[in-house]
Amino acid sequence: MEHNYDDIVMLERYIEHSLNEEEIRKVEQRLSEEPAFKELYQNEKLLVRGIRYGHLRSNLVQLKDLESTLPTVGAAEKPARVIIFRTYWKPIALAASVLLVVSWFFVFSPQGMPGNEKLFVAYFEPFDSPGVGTTRSEMNAPQTWKAKAYEAYDKGDYAMAVGLFEKAIVENDDPIVKLCLGNAYLATGRADRAEIMFNKILTEHEDLVTQAKWYLSLAYLKQNKMERTRAVLWEISKSSTYGEKARKLLEELD
Amino acid sequence: MNDEILVQQIKSGNQRALSQFYESFRSEFLRWIMRDFKCAEDDSKDVFQVAVLIVYDNIQKGKLDHLTSSLKTYLFSVGKNLAHEWGRKAQRNLPFEPEHYIQSMVADDPETGMEEKLDLVYECLKKIGPPCRQLLELFYFNRKTMDEITLALGYKNTDSAKNQKYKCMGRLRKFYEEEFAKQLT
């Protein structure tokens, strides 16, 4: 279906509350007089709601995944469901067996995304940045892209940090900036870009090699590249900084 | 981590902060709701997840910018209302469905068939690709400005970001209209 570009822009701005009074009046008049315009408005509103709904649904999935990794919480009194269980224990046991088989398939199958995602969430802890303004002269200096990026990164605003670090890299070729950028990519779900960044550190710098390898393994894990994940973890399994974590993760993968 | 920092981190779209928020209050909340409302453990988890998402959504909307109580008090008061609602549903043998609450969070004037339409948009969002989806979510959910999105996603300038947003909405609209038409035939 073809739509008028100006109408769509106008309606988007109406939904975003960025029209002036006169424009609002015109839109509302057209909404009351033109059925096609009203239908277009309702569809645009639905799409915006759908975007918000989609985001919240994804967050619900994230919380459910997280919940499945957490220990059971005991209550002071037994909940009513115990009675249901006593009455229907046979079908419940059968359902549980089916669920166990299905879960086993998802965790250990080559497409084992849910299991790997849980491991990623459990092991990914963003690298600590060196912070902003460690000396008085730095504190008084005008903020560089790097300083702004570290500030956003330390606040946990990784989406903003990505853009700022990308600018900072143009200013100077610093492996810590690359490591933090890679981490910000990982935190915002862009594991493919994180992989490129960590590999850059390994080919272009001699510092931060173990750190880069640890996060590279997580970038591989996130993308379900299991052979590469294992290979990199194996390489750092004897290091003093990440060795223990790497060995533990390797065990969990096996 | 204090409430202000946690609110700031959640507002910036940091997914880890959401998990931290969840884990910080989980045990206490679940024990409380299971003890005081006689809520079964699985249902308690559903109630807690919806409560966390309501608080999360209100943070994005800026409703907690000037929080007068602690985040915990706010979360528990949201949880209390939901627990009462769970109780009312349980009496009538109705399930407590988190997806239903999410739908009512985004549509304050629900109309007939809204649930199916939202589910359809949700499916279409999966088709437009992660970069487009991220851009649209940053704008419509996290309420970032186009300047902030330009920086966050590395666009050349604000006009490029705006242009991209328009294209992404266009793709979503096209997929939705196609899928909607399929459902009608």
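The values are calculated or read from the model by the stated rules, or taken from the named source; none is laboratory data. Since the structure is predicted, the reported quantities are computational estimates derived from the model, not experimental observations. So basically every Cβ, Gly included, is an ideal-geometry build from the backbone, and we count neighbours across all protein chains shown.
Only one entry of B:F37, B:F25 meets the criterion of being in contact with a Lys or Arg (Cβ under 9 Å, 6 or more places away or on another chain) and over 29 Å from B:L138 (Cβ atoms), and that entry is B:F37.
Considering the conditions (1) at positive phi; (2) within 12 Å of chain A (Cβ to nearest Cβ), B:G62 is excluded by exactly one of them, (2).
A quick yes/no check of all residues on (1) within 10 Å of chain A (Cβ to nearest Cβ); (2) more than 27 Å from B:Q9 (Cα to Cα):
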| residue | (1), (2) |
| --- | --- |
| B:P95 | no, yes |
| B:Q103 | yes, no |
| B:D108 | yes, no |
| B:C124 | yes, yes |
| B:K127 | no, yes |
| B:P130 | yes, no |
| B:E137 | yes, no |
| B:E148 | yes, no |
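Identify, please: which residue in segment A:1-18 is in a loop (DSSP other than H, G, I, E, B) and under 33 Å from the mean Cα position of the chain (by Cα) and is, among those, surrounded by the most Cβ atoms within 10 Å (Cβ to Cβ)? The selected residue is A:E16.
Suppose the filter is closer than 19 Å to A:K155 by Cα and of a type in the set (G, A, S); does B:G79 pass it? Taking the combined requirement at face value, the residue does not satisfy it.
Tallying residues that are surrounded by fewer than 24 Cβ atoms within 10 Å (Cβ to Cβ), within 14 Å of chain B (Cβ to nearest Cβ) and touching a helix residue (DSSP H, G or I) at 6+ places or on another chain (Cβ under 7 Å) within segment A:167-186 yields 3. Where helices (runs of 4 or more DSSP H) fall entirely within segment A:196-254, those with at least 3 residues that are within 12 Å of A:F120 (Cα to Cα) are at A:209-222, A:243-253. When the helices (runs of 4 or more DSSP H) confined to segment B:79-166 are screened for residues that are under 30 Å from A:K146 (Cβ atoms) and in contact with an Asp or Glu (Cβ under 9 Å, 6 or more places away or on another chain), those reaching at least 1 such residues are found at B:130-140, B:146-153. If you go through segment A:32-44 and pick out every residue that is at the interface with chain B (Cβ under 9 Å from one of its Cβ atoms) and either touching a residue at least 12 places away in the same chain (Cβ under 8 Å) or among the aromatic types (F, W, Y) (or both), you end up with 1.
Check segment B:8-26 and report whether any residue there is at the interface with another protein chain (Cβ under 8 Å from one of its Cβ atoms), touching a Ser or Thr at 6+ places or on another chain (Cβ under 7 Å), modelled with pLDDT of 90 or more and over 30 Å from B:L120 (Cα atoms). Within segment B:8-26 (the criterion being at the interface with another protein chain (Cβ under 8 Å from one of its Cβ atoms), touching a Ser or Thr at 6+ places or on another chain (Cβ under 7 Å), modelled with pLDDT of 90 or more and over 30 Å from B:L120 (Cα atoms)), the answer is no, since none of the residues qualifies. For segment B:27-38, filtering for residues that are facing chain A (nearest Cβ under 7 Å) and in contact with a Phe, Trp or Tyr (Cβ under 7 Å, 6 or more places away or on another chain) leaves 1.
Is it the case, given these coordinates, that A:Y215 is more than 14 Å from every other protein chain (Cβ to nearest Cβ) and among the aromatic types (F, W, Y)? In short, yes.
The single condition from (1) surrounded by fewer than 23 Cβ atoms within 10 Å (Cβ to Cβ); (2) within 9 Å of chain A (Cβ to nearest Cβ); (3) of a type in the set (A, V, I, L, M) that B:V50 fails is (1). Pull up segment A:187-211, narrow it to residues that are away from every other protein chain (no Cβ under 14 Å) and within 19 Å of the chain's Cα centre (by Cα), then point me to the one that is surrounded by the most Cβ atoms within 10 Å (Cβ to Cβ). Result: A:F198.
Quick one: is A:T229 modelled with pLDDT of 90 or more and not aromatic (F, W, Y)? Considered against the rule, which asks whether it is modelled with pLDDT of 90 or more and not aromatic (F, W, Y), A:T229 comes out as yes. Considered as a group, the residues in segment B:66-76 that are surrounded by fewer than 14 Cβ atoms within 10 Å (Cβ to Cβ) and without any contact (Cβ under 8 Å) to a residue 24 or more places away in the chain include one that is farthest from B:I33 (Cα to Cα), and that residue is B:H66.
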